[in-house]
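As structure tokens, the structure follows; a few thoughts come after it.
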Amino acid sequence: MDFELSEEQRLLKESVAGQLTDAYDFEQRKKYMKEKGGWSKAIWSMFAEQGLLGLPFAEIDGGFGAGAVESLIVMESMGRALVLEPYLPTVVIGGGFLRHGASAAQKAAHIPLIIEGRKTFAFAQLEKSSRYDLNDVTTSAKKNGDGWIIDGEKFVVINGENADALIVTARNTGAQRDRSGIGAFLVPANARGISKRTYPTQDGLHAADITFTGVEVGSDAVIGDPENGLPVIERVVDDARTALCAEAVGVMNESLKITIEYMKTRKQFGVPIGSFQSLQHRAADMFVALEQARSMSIFASMAADFDDASERAKAVAAAKVQIGRSGKFIGQQTIQLHGGIGMTMEAKVGHYFKRLTMIESTFGDAGYHLRRVSENDALV
């Protein structure tokens with residue numbers, strides 16, 4: 001299999017890396033964190049101007065028709081810079097629902113606004129008891145004439161504070177863990193009956209716990225089949241997991257780079273600690289873990305084109321397992337090699353470890369996905 005980037009992909013990689021190098025150093029990031037919602041509107045506009053927000057959308061919808069490899073390139077670069085802006089919830093997840101399940105009218109109403117940077121999304125899926133199971137849904141959607149009434153609670157909704165629209169998973173038939181009876185609904189973030197409790201997460205992003213009380217939406221709010229929406233939800237979440245894997249590789253790559261530089265300058269017993277053979281071995285082990293994660297991230301991206309949904313899900317789950325293991329190892333080693341300074345808010349490397357920790361627990365940790373892989377194998 002050819003893993004070489006095309007000329008266009010190479011130019012995209014260089015362009016995104018150059019933009020983020022200029023606009024996203026560690027001190028600038030601290031300033032962006034203080035803006036409403038925890039991210040920079042100016043940077044978001046820059047992404048729109050450079051065409052990044054339109055990458056995955058079809059040309060007929062105003063986008064560039066890019067694929068999973070282009071998404072990998074962008075997310076890996078964003079991981080290196082620890083980008084705060086809601087690219088994942090808006091372009092990958094919100095855009096994923098529009099691309100995979102929306103009607104022509106829904107696409108026309110929302111995609112141009114995403115591409116222009118005038119609309120952001122948040123995915124309201126997680127519930128108190130659901131953990132990582134997408135089919136564990138108690139939030140209800142009841143028919144109300146031609147429309148729906150949504151009631152329930154969702155937790156840790158990334159970009160929930162600033163989002164213009166929410167994509168909400170809700171159940172209209174069946175028991176709590178049934179795979180049928182679940183739909184995805186487009187809900188205006190300012191709809192009557194919505195209340196939010198917002199807060200920062202440990203990695204610098206912002207999230208919200210959202211309560212829906214008698215929220216009324218029209219018939220045009222449903223994405224696809226309201227009673228059989230789980231396949232689309234699973235497809236979009238697997239796209240999000242793949243994007244997170246790519247982001248994690250960028251985070252790990254930069255973490256290793258920072259640590260190697262520190263080992264060259266930090267002295268102990270009058271010599272740089274990088275001259276100690278035992279620490280060189282540790283750095284080599286970190287590099288191996290990074291390359292293992294990178295190869296699995298590429299594999300997950302290639303799996304986006306698999307026709308078999310089960311095989312595609314298995315590939316993504318396997319990648320998430322390796323990303324979780326590599327991220328934990330590299331994160332722990334970077335902190336240990338930095339010593340006490342690695343635990344301070346002033347040390348950049350600690351923020352990378354926090355982001356790796358959040359990626360590990362988003363849409364399933366290594367243990368959860370290892371079970372997915374083993375269960376899939378058992379069915380073969």
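The values are calculated or read from the model by the stated rules, or taken from the named source; none is laboratory data. Note that this is a predicted model, so its numbers are computed, not measured. No Cβ is skipped: glycine too gets one built from the backbone with ideal geometry, and neighbour counts run over all protein chains shown.
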Top-ranked residue in the stretch 236-279 [being over 29 Å from the mean Cα position of the chain (by Cα), free of Cβ contacts under 8 Å to residues at least 24 places away in the same chain and assigned to a helix (DSSP H, G or I); ranked as nearest to HIS369 (Cα to Cα)]: SER278
Residue count, the stretch 16-30 (criterion: of a type outside the set (A, V, I, L, M, F, W, C), crowded, with 16+ Cβ neighbours inside 10 Å and either free of Cβ contacts under 8 Å to residues at least 40 places away in the same chain or in the same structural domain as ASN162 (by TED's automatic domain parsing) (or both)): 1
Options ALA366, ALA289, ALA303, ALA319: the member that is touching a Lys or Arg at 6+ places or on another chain (Cβ under 8 Å), at pLDDT 95 or above and closer than 15 Å to ALA243 by Cβ: ALA319
Tabulated pairs, the stretch 117-128, first farther than 23 Å from GLY51 by Cα, second in a loop (DSSP other than H, G, I, E, B) and of a type in the set (Ser, Thr, Tyr), C-beta under 8 angstrom, 6+ apart or interchain: GLU127/THR138; GLU127/THR139
Only listed residue being part of a helix (DSSP H, G or I), closer than 30 Å to ARG118 by Cα, among the aliphatic types (A, V, I, L, M) and out of contact with any His (no Cβ under 7 Å at 6 or more places or on another chain), chosen from ILE210, ILE233: ILE233
Qualifying positions in the stretch 213-230 - out of contact with any His (no Cβ under 9 Å at 6 or more places or on another chain) and not in a strand (DSSP E or B): GLY218, SER219, ASP220, ALA221, ASP225, PRO226, GLU227, GLY229, LEU230
Complete set of residues in the stretch 46-63 that are surrounded by fewer than 17 Cβ atoms within 10 Å (Cβ to Cβ) and farther than 15 Å from ALA108 by Cα: ALA48, GLU49, GLN50, GLY51
Members of the stretch 311-330 that are of a type in the set (Val, Ile, Thr) and buried (at least 24 other Cβ atoms within 10 Å of the Cβ): VAL316, ILE323, ILE330
Residue ID - surrounded by the fewest Cβ atoms within 10 Å (Cβ to Cβ), chosen from residues in the stretch 142-178 that are in a strand (DSSP E or B) and basic (Lys, Arg): LYS143
